[in-house]
Amino acid sequence: MTDETFLLDLLNSTPVVDGTQRDVLDADWLRAHDGTGSTAEWEAAREARDVLQALVRGEAEPDALAPLLDGVVRRPAVTADGVEWTVEVVDSRRPAVRAVLAWDAVHRTSPGRLRPCANDECALFLIDHSKPNKARWCSMAVCGNRMKARRHYERTRNN
Ligand SMILES: [Zn+2]
């Protein structure tokens, strides 16, 4: 699993199901995402998720990430392929730190491409890799069609 997929999965761990927001981030989720599922790990991951969600929604500033990276060290090692960076942090904070660093990478290499779904009843996020960068929905099949149907309904109702 790439760091970007991990980040998007974490951001999307509070889906709206049948009109109610759920939280699917638990020990099973963490284990399925290379974690151990410990309580400390879950607490750190949840904190990182909440800050990152607020950040992507424009409700927080990047300095809110500072506590999540406190004490984190990146160490270079020279290999045959070049320089490899290892993140040194206690295991329980690894998923949280991974998400923050993945956010930073997306933010730098694809600015403006990580965003909330334009359906205001949807709590999911998307990373748009298309050239025109105009994707608005987490999923065309779900939110895209739902919003189209709603617009159609509003148009016909107003006529
Ligand atoms: Zn959506």
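What FRET efficiency would be calculated for the residue pair residue 2, residue 91, taking the C-beta separation as r and a Förster radius of 22 Å, to the nearest 0.05?
Once rounded, the FRET efficiency stands at 0.60.
Could you work out the relative contact order of the chain, using alpha carbon pairs under 8 angstrom and six or more residues apart, expressed as a whole percent?
After rounding, I find 23 percent.
So, by mean Cβ neighbours within 10 angstrom, what's the order for 7-20, 80-93 with the highest one leading?
7-20, 80-93
Rounded to the nearest 500, what is the chain's calculated 222 nm mean residue ellipticity when only DSSP H runs of at least 4 contribute -39500 (n - 2.57) each, over all residues?
Only helices count here, giving -12500 deg cm²/dmol.
So for 140, 147, what's the accessible-area order with a 1.4 Å probe, most first?
140, 147
Give the residues of region 92-131 whose amide nitrogen is closer than 18 Å to a point set 7 Å from the Cα of residue 158 in the direction of its Cβ.
120
Please give me the summed charge of the neighbours of residue 64: other residues whose Cβ is under 15 Å from its Cβ, Lys and Arg +1, Asp and Glu -1.
Once positives and negatives cancel, what remains is -4.
Between 94, 75, 136, which gets the highest mean-square fluctuation from a Gaussian network model of the chain, Cα cutoff 10 Å?
75
Return the distance in nm (one decimal) between the two label points of a simple spin-label model at residue 128 and residue 70, each offset 7 Å from Cα along Cα→Cβ.
So the label points at residue 128 and residue 70 sit 3.7 nm apart.
Percent relative contact order of region 32-124, based on C-alpha pairs within less than 8 angstrom and at least six residues apart?
32 percent
Can you pull the percent of the chain's accessible area that's carbon plus sulfur, 1.4 Å probe, other chains left in place?
Percent of accessible area from carbon and sulfur atoms in the chain: 51.
Per residue, how much accessible area does the chain have with a 1.4 Å probe, in Å²? Write down the numbers at each step before the final one.
Details: 9790 Å² over 159 residues.
Accessible surface, normalised per residue, equals 62 Å².
Between region 130-159 and region 1-56, how many Å separate their Cα centres?
A separation of 27 Å, based on Cα centres.
Quick test of your reading: applying the under-4.7 Å Cβ rule, which cysteines of the chain are isolated?
If one checks each Cβ against the other cysteines of the chain, 143 turn up with nothing under 4.7 Å.
Is the shape of region 89-159 best called rounded, prolate or oblate, per the rule: a/c under 1.5 gives rounded, else a/b larger than b/c gives prolate, else oblate, with a ≥ b ≥ c the square roots of the Cα gyration tensor eigenvalues? Let's see the in-between values first.
Working: a/c = 4.38, a/b = 2.36, b/c = 1.86.
Cα axes put region 89-159 in the prolate bin.
With springs connecting C-alpha atoms under 10 Å apart, model the chain as a Gaussian network and identify which of 32, 149, 64 has the largest mean-square fluctuation.
Comparing 32, 149, 64 in a Gaussian network model of the chain, the most mobile one is 149.
The values are calculated or read from the model by the stated rules, or taken from the named source; none is laboratory data. What you see is a predicted model; the values in this text were computed from it and never measured. Positions of Cβ are generated from backbone atoms using ideal geometry, with glycine treated the same way; all protein chains shown enter the neighbour counts. Protein only, heavy atoms only, side chains kept; ligands, DNA and RNA dropped before computing areas. Shrake-Rupley method; radii C 1.70, N 1.55, O 1.52, S 1.80 Å.
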